[in-house]
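The values are calculated or read from the model by the stated rules, or taken from the named source; none is laboratory data. Since the structure is predicted, the reported quantities are computational estimates derived from the model, not experimental observations. Using ideal geometry, Cβ is built from the backbone for each residue, glycine included, and neighbour counts are taken over all protein chains shown. Side chains are part of the model used for accessible areas, which takes the heavy atoms of the whole protein and leaves out ligands, DNA and RNA. Shrake-Rupley method; radii C 1.70, N 1.55, O 1.52, S 1.80 Å.
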Amino acid sequence: MTAAPLPVVTLDGPAGVGKTTLARRMAESLGIAYLDTGAMFRCLALRLGPGADTWEDERLQAACAAHGFSLEGNGAATRICCNGVPVRGEIRTEEVGMLAARLGQVPLVRAYLCEAQRRLAEQRPLVVEGRDMGTVVFPTARFKFFLDASPEVRALRRLRDLEARGQAADLAELTEQIRKRDAMDRNRPIAPLRAAPDAVVVDTSTLDIEGVLGTLLHIVSVHGGATLLHACGGVQ
Ligand code: DC
């Protein structure tokens with residue numbers, strides 16, 4: 001039996017740090033797919049609705065099991081699908097983000113999605129992004145990065161993102177929401193947001209996306225990323 005390919009790159013970090021954009025751009029450069037695990041939590045949160053984090057185990061387990069995840073496409077065109085249908089932009093609101101953070105505190109939900117994430121990574125090499133990729137879900141991944149930036153910088157980036165999608169938002173409110181979500185993600189007892197001991201920590205506060213992308217790709221390249229991608233079936 002051949003060893004399952006492992007995700008080549010893990011990107012962890014707090015809300016609004018730019019993980020999804022970076023994962024997409026890295027995947028495009030490396031010629032592989034990316035997995036936005038926040039989209040999985042968000043999708044479940046939206047479909048199950050407010051209060052699902054308080055449901056009794058049996059009900060919640062059945063609801064999770066009714067949602068299967070798959071990936072289509074490659075590089076920047078990768079799409080995460082729920083029950084065969086691409087997940088849509090409606091998950092990208094702060095309200096859904098907060099519901100997702102609540103759901104992410106429930107061990108049963110984390111176990112379900114952790115298993116789903118590992119199954120997706122058995123099929124192909126991936127750039128995976130989330131909160132616990134390098135620490136819990138893929139502890140043996142070859143390249144691990146932890147991205148950080150101040151809450152103010154992240155709130156401003158989120159504001160720009162939302163505006164680009166035609167959604168109005170208030171900067172002070174966004175900063176407050178980001179601080180709240182940080183507290184939930186960092187302080188939960190299970191799989192809290194933190195850098196893996198072997199992750200490269202990059203403070204992105206003063207770097208633009210191109211600067212961060214260049215730094216990460218350089219590290220992957222000088223440490224044999226292309227060879228590894230070939231070995232585990234990447235496109236490049
Ligand atoms: O990355 P994001 O903002 O889309 O994630 C939304 C929420 O989902 C986040 O605040 C916590 C939860 N989440 C998680 O607990 N673990 C992950 N790997 C990804 C997201």
Q: List, largest first, the extents of the alpha carbons of the chain along their principal axes, each in whole Å.
A: 46, 44, 33
Q. Using 7 Å Cα-to-Cβ label points, what is the ARG165/THR93 separation (nm, one decimal)?
A. 1.0
Q | Charge tally in the Cβ shell below 11 Å around ASP36, where Lys, Arg are +1 and Asp, Glu are -1, ASP36 excluded | A | +4
Q.
Just to be sure I understand the model, the point goes 7 Å from the Cα along the line to the Cβ. What's the resulting VAL200 to ALA66 distance in nm?
A. 4.4
Q: Work out the FRET efficiency for ALA76 and TRP55 from their Cβ-Cβ distance, taking R0 = 45 Å, and round it to the nearest 0.05.
A: 0.80
Q: Return the long-range amide H neighbours of VAL201 (sequence gap of 5 or more, or a different chain), with a cut-off of under 5 Å between placed amide H atoms.
A: PHE146
Q | Vicinal HN-Hα couplings computed from phi for segment 164-175 (Karplus, 6.51 cos²θ - 1.76 cosθ + 1.60; Hz; Gly/Pro x) | A | 5, 8, x, 9, 6, 7, 10, 4, 4, 5, 5, 4
Q: Give the long-range amide H neighbours of ALA149: residues separated by 5 or more places, or on another chain, with amide H under 5 Å away, using H modelled in the peptide plane at 1.01 Å from N.
A: THR204
Q) Expressed in nm to one decimal, what extension gain is obtained for the pair ASN187 and ILE209 from 0.36 nm per residue of sequence separation less their Cα-Cα distance? A) 5.1 nm
Q. In deg cm²/dmol and to the nearest 500, what is the mean residue ellipticity at 222 nm of the chain if only DSSP H runs of at least 4 residues count, each as -39500 (n - 2.57), divided by the residue total?
A. -15000 deg cm²/dmol
Q: Using 0.36 nm per residue of separation minus the Cα-Cα distance, give me the extension gain between ALA226 and GLN123 in nm, one decimal.
A: 35.2 nm
Q | For the chain: accessible area per residue (Å², 1.4 Å) | A | 46
Q.
Cβ neighbours within 10 Å, averaged per peptide: list 128-138, 20-30, 200-210, 175-185 in order, most packed at the top.
A. 128-138, 20-30, 175-185, 200-210
Q.
Explain nothing, just compute: Karplus ³J(HN,Hα) = 6.51 cos²θ - 1.76 cosθ + 1.60, θ = phi - 60°, for every residue of segment 35-46 in order, whole Hz, x for Gly and Pro.
A. 10, 8, 6, x, 5, 5, 4, 5, 4, 4, 4, 5
**Q.** Karplus-derived HN-Hα couplings along segment 209-223 (A = 6.51, B = -1.76, C = 1.60, θ = phi - 60°), whole Hz, x at Gly and Pro
**A.** 4, 5, x, 5, 4, x, 4, 5, 5, 4, 4, 4, 5, 6, 9
Q. For segment 79-167, which whole-number percentage of the solvent-accessible area (1.4 Å probe, protein heavy atoms only) is attributable to carbon and sulfur atoms?
A. 50
Q) If all Cα-Cα distances of segment 17-130 are sorted into 5 Å bins from 0 onward, what percent lands in each bin, rounded to whole numbers? A) 2, 12, 23, 25, 19, 12, 5, 2, 0
**Q.** segment 124-236: proportion of alpha-carbon pairs further apart than 16 angstrom, %
**A.** 68
